[in-house]
Amino acid sequence: MNKIYLYNTLTRKKEEFKEIKNGEVGLYTCGPTVYNYAHIGNLRAYIFEDILKRVLKYNGYKVKHVMNITDVGHLVGDMDMGEDKLEKGSKREGKTAWEIAEFYTKAFKSDLKKLNIIEPDIWCKATEYIQKQIDLIKILEKKGFTYKTSDGIYYDTSKFKDYNKLSHLDLETLREGARVEKNEEKKNSTDFALWKFSPKDKKRQMEWDSPWGIGFPGWAIECSAMSMAELREQLDIHCGGIDHINVHHTNEIAQSEAATGKQFFNYWMHGAFLNIKGGKKMAKSDDNFLTLKNAFIKKGIDPLVYRFAALQTHYRKPMEYNEEVMKNAEKGLNHLKNQFRNLGEINGKVSKKFKNKFLEEVNNDLNIPKALAVAQEMLKSDLSNEDKKATLLEFDSEIFGVGITNLDIKTEEDIKIDENVEMLKKERQKARKEKNFEESDRLRDEIEKLGYTVEDSKDGVRVYKK
Ligand code: AMP
Ligand code: ZN
């Protein structure tokens, strides 16, 4: 097996990846809260996780990928105050919370498909694992990590020694961050809800009985309960966006390790944000919220242009969304597709040399921008066209996933060929028929100078915009 290096937030270092069970990887990625469409910032996180999974598979690992669907209990504020997001969605749209969850789960899965993101092996809905979550809280209660307030059962973060081991922040800074939402009954500002009680005067749409009274689980407990239930001992890699480091993942670690006494996941990986102009994070609560539909599909742009754009920035670097960036990505993707098309038949072999170069980059903390450069280097090399085509096809189908074989997505404007070029093409066709190769070569050069590629096929000469 080749060596894979991954940046681990836990140690703040690039580390050689070592799996727990030989040849297999347990991967848990925090999924969406299904009360609205995913925005393209969220989708950047899932593209990064998809690349991670593809890289592991390309290296020969058998990956077991689990993703949760948060369909209950994620409150508007990270610190357990405010409204339940599902109940909020229900009010907004006049549907039940269950209908909201079902609708946006479907929409989310459809977005993943459009982005060529490979589906997880196991989807976990929080509402289907309520008993597991209750069982975990019971263990924490028995071990003395919990206390009760008027609105729920809380985790006492002062009892967990390494509460700041993922964030690497001093406890004071973490507490400052948590103090934004005031809850006088909490012992420490970083304490978080494991179980919230339903209001006494109101019936919630989603609520369950528990040893502590009717209510619903806190947000972080679902990821601990579900990852342990599905991955068992294979707690290899856990991922999310960087906003999950200080609260959600910190809390997952605190409660899981307190319950089991063992390390909860060996590698923690986080994707940087998609920002809008001025470095502002794209967020659901703002009006800068762009979905795949309104930023791409409605404008006639293939969603895979977004995937291609995301691949051009390393996952740990911030990426900026603006129309110019997307236009360039569209051009870049079309160019790659044309390069692929112009290589003729697919009957060559994958180049070992370039595959190794490519692996070196993707195995170096998923350096996809460099891997794209290796693909271009390979295309410029002296490999035969057939081998180039086979190699590029493998890079795309295994890792990039930008659909280079799909050639019919161009707009009218994109494929319109200048009259002048049409004329030169006809002249070239004639020169070839007359076996006037000197003239035919001269015409090829002239056409290429005008920004087109020339392809000679059985059916005659074809030209494409570069
Ligand atoms: P949520 O549905 O808010 O829990 O977010 C789903 C995923 O998207 C999480 O992994 C977040 O960390 C990630 N995320 C949220 N906003 C952004 C953003 N602007 N850019 C990149 N990832 C984000
Ligand atoms: Zn999670």
Handout entry: Mean-position separation - Cα centroids, the stretch 21-39 and the stretch 85-161, in angstrom
Key = 13 Å
Practice task
Treat each spin label as a single point 7 Å out from the Cα along the C-beta direction, and report the Asn385 to Ser158 distance in nm.
Solution key: 7.4 nm
Fill in the blank from the handout: Between the Cα axis of helix 385-395 and the main Cα principal axis of the chain, the angle (0 to 90°, nearest 10) is 10 degrees
Practice task
Using only alpha carbon pairs under 8 Å that are at least six residues apart, calculate the relative contact order of the chain and give it in whole percent.
Solution key: 16 percent
Exercise for the section: Tell me the label-point distance for the pair Lys142, Gln312, using the 7 Å Cα-to-Cβ offset, in nm and rounded to one decimal. Expected result: 5.5 nm
Problem - For the chain: accessible area per residue (Å², 1.4 Å) - result: 47 Å²
Practice task
Provide the gained length on full extension for the span Lys449 to Lys430, in nm with one decimal, where the gain is 0.36 nm per separating residue minus the Cα-Cα distance.
Solution key: 4.9 nm
Practice task
Could you tell me whether the chain comes out rounded, prolate or oblate from its Cα gyration tensor? Rule is a ≥ b ≥ c as square roots of the eigenvalues, rounded for a/c under 1.5, then prolate if a/b exceeds b/c, otherwise oblate.
Solution key: prolate
Practice task
With r as the distance between the Cβ atoms of Asp135 and Glu176 and R0 = 56 Å, compute the FRET efficiency 1/(1 + (r/R0)^6) and round to 0.05.
Solution key: 0.95
Exercise for the section: Tell me the label-point distance for the pair Val350, Glu99, using the 7 Å Cα-to-Cβ offset, in nm and rounded to one decimal. Expected result: 4.8 nm
Exercise for the section: Please identify which residues in the stretch 316-339 have an amide N closer than 19 Å to a label point set 7 Å out from the Cα of Asn364, following the Cα→Cβ vector. Expected result: 316-318
Problem - Long-range HN-HN contacts of Trp195 with modeled amide H, under 5 Å - result: Ile153, Gly218
Fill in the blank from the handout: Filtering trypsin sites (Lys or Arg not before Pro) in the stretch 295-365 by DSSP loop and by at most 14 other Cβ atoms within 10 Å leaves Lys349
Fill in the blank from the handout: If the chain between Lys187 and Glu323 were fully extended at 0.36 nm per residue, the gain over the current Cα-Cα distance would be 44.2 nm
Fill in the blank from the handout: Applied in sequence order to the stretch 59-75, the curve 6.51 cos²θ - 1.76 cosθ + 1.60 (Karplus, θ = phi - 60°) yields integer Hz couplings, x standing for Gly and Pro, of 7, x, 6, 8, 9, 9, 10, 10, 10, 8, 10, 7, 10, 7, x, 8, 7
Exercise for the section: Would you list which lysines come within 18 Å of Lys200, measuring only between C-alpha atoms, while excluding same-chain residues fewer than 8 positions from it? Expected result: Lys148
Problem - Coil-residue GluC sites (Glu not before Pro) of the stretch 147-231, DSSP, other Cβ within 10 Å capped at 13 - result: Glu184, Glu185
Practice task
Give me the percent of DSSP beta bridges within the chain that run antiparallel, rounded to the nearest 5.
Solution key: 50 percent
Handout entry: In degrees, nearest ten, helix 437-449 long axis to first principal axis of the chain (Cα)
Key = 40 degrees
Problem - Gained length - Lys18 relative to Ile297, 0.36 nm times residue gap less alpha-carbon distance - result: 96.4 nm
Fill in the blank from the handout: Under 5 Å from the placed amide H of Gly241, counting only residues 5+ away or on other chains, we find Gly271
Exercise for the section: Just flag the GluC sites (Glu not before Pro) in the stretch 8-115 sitting in loop per DSSP whose Cβ has no more than 15 other Cβ atoms within 10 Å. Expected result: Glu83
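The values are calculated or read from the model by the stated rules, or taken from the named source; none is laboratory data. Bear in mind that the values here come from a model prediction, so they are computed numbers and not experimental data. Because the Cβ atoms are built from the backbone with ideal geometry, glycine has one as well, and the counts that use them run over all protein chains shown. Note: areas computed on protein heavy atoms with side chains; ligands, DNA, RNA excluded. Shrake-Rupley method; radii C 1.70, N 1.55, O 1.52, S 1.80 Å.
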